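Here is the structure we will look at, set down as structure tokens.
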């Protein structure tokens, strides 16, 4: 691998910061200590800091030369509301909170790049370092944009990166087009009429109606959308009743919908709404249908994805830059890609053998209580950030 030497030598110190962040996880919009750590480090390195955007967001500003051009690099900072199973030295000190998705590592990689930028500034223009809160369900990217992120810090393109367990360290994955899905939630309440379970003819039972809906929703996937268009409808909760001899007066369905395009999402929402209302009506009942659109699909710009690929190949070689297989997981970096051209890539996190003694018995997978970020990625991810910014500003500035 073609790593930057001073990033390799600085990696242990940055890894110590990463482990400190892992030990002190903070949930969305409450990343106060994390933001303090980030801002303190940037300030110590002589980097201009802007705080408070999107509640707890931090933006570092590194300028060099005279060019007005700018690029943005983004890392997320928040943790997940889950209990950690690991017992090594840097395990979470806060019950029910854990860095189980590697945002501590994302922050560390961007901090490592920031330190290098502050020392060398081998570019003509501005690099904005975006440390974003609330990726895990809070829409921190959206909130930073609402607060004027790209108005105050105008950029040509924005780039993000996420660690990806299961692939060998030293590999990247990047592709143009959709790479992560939209995330949406629904809640359907079927209103029937309760009664004695031994006398069903005196009641309007919402449970079989709910069963009909669950089955019918899958026909949207198999019969309404084009077979080549991806879409997922998962009913994940069914709540009804409190006793075995009582027909409940209502039944509640909840779940998620994932798509790679807004057009398919529009189709699914409308068909679900129609099926729910008409199925309930067919049984003499009514239903309340709620559909909440959370994150839009994450769609990489073609030019920026290809540019990122070339930078990755210069670091790890062409064979180690893979096609990014789209995932039905969601990512609020999508909001930034709706506002600006850009690219969101994956960096391989390994198979979990990097974990210290005392790790949990589960796999080192995202959102798993035995997960831990692989610190050997810090100089690699930071090298990518540095080479990307330098190449971007040089290529378009000539």
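Nothing in this text is a laboratory measurement; each read-out follows from the coordinates by a stated rule. Note that this is a predicted model, so its numbers are computed, not measured. Neighbour counts are summed over all protein chains in view; Cβ atoms, including those assigned to glycine, are modelled from backbone coordinates with ideal geometry.
Sorted ascending by nearby beta carbons within 10 Å, beginning with the fewest, 29, 172 become 29, 172. Considering only 309, 69, 119, the mean-square fluctuation computed in a Gaussian network model of the chain, springs between alpha carbons under 10 angstrom, is largest for 119.
Here the Gaussian network model covers the chain, with springs between Cα atoms less than 10 Å apart; of 141, 39, 230, 230 fluctuates the most. The translational diffusion coefficient of region 183-295, from Stokes-Einstein at 20 °C and 1.002 mPa s with a Kirkwood hydrodynamic radius over alpha carbon pairs, comes to 147 µm²/s. Between the alpha-carbon centres of region 25-76 and region 111-170 there is a gap of 9 Å. Here the contact order of the chain, divided by its residue count and restricted to Cα pairs under 8 Å and six or more residues apart, works out to 25 percent. Region 271-343 and region 210-270 have Cα centres separated by 19 Å. Computed from Cα atoms, the angle from the helix 32-44 axis to the main principal axis of the chain rounds to 20 degrees. As a calculated quantity, the FRET efficiency between residue 277 and residue 202 at R0 = 22 Å, using C-beta atoms, amounts to about 0.35. The helix-only estimate of mean residue ellipticity at 222 nm for the chain, built from DSSP H runs of length n ≥ 4 each weighted as -39500 (n - 2.57), is -11000 deg cm²/dmol after division by the residue total. The order of 244, 376, going from fewest to most other C-beta atoms within 10 Å of their C-beta, is 244, 376. Using only the alpha-carbon atoms, how far is helix 206-219 inclined from the longest principal axis of the chain? Give it as 0 to 90 degrees, nearest 10. For 206-219 against the chain, the angle is about 50 degrees. As a length-normalised measure over Cα pairs under 8 Å and 6 or more apart, the relative contact order of region 350-398 settles at 24 percent. The mean sequence distance of close C-alpha pairs (under 8 Å, at least 6 residues apart), as a share of the length of region 177-335, puts its relative contact order at 38 percent. For the residues 386, 174, 209, a GNM of the chain with alpha-carbon springs under 10 Å puts the largest fluctuation on 209.
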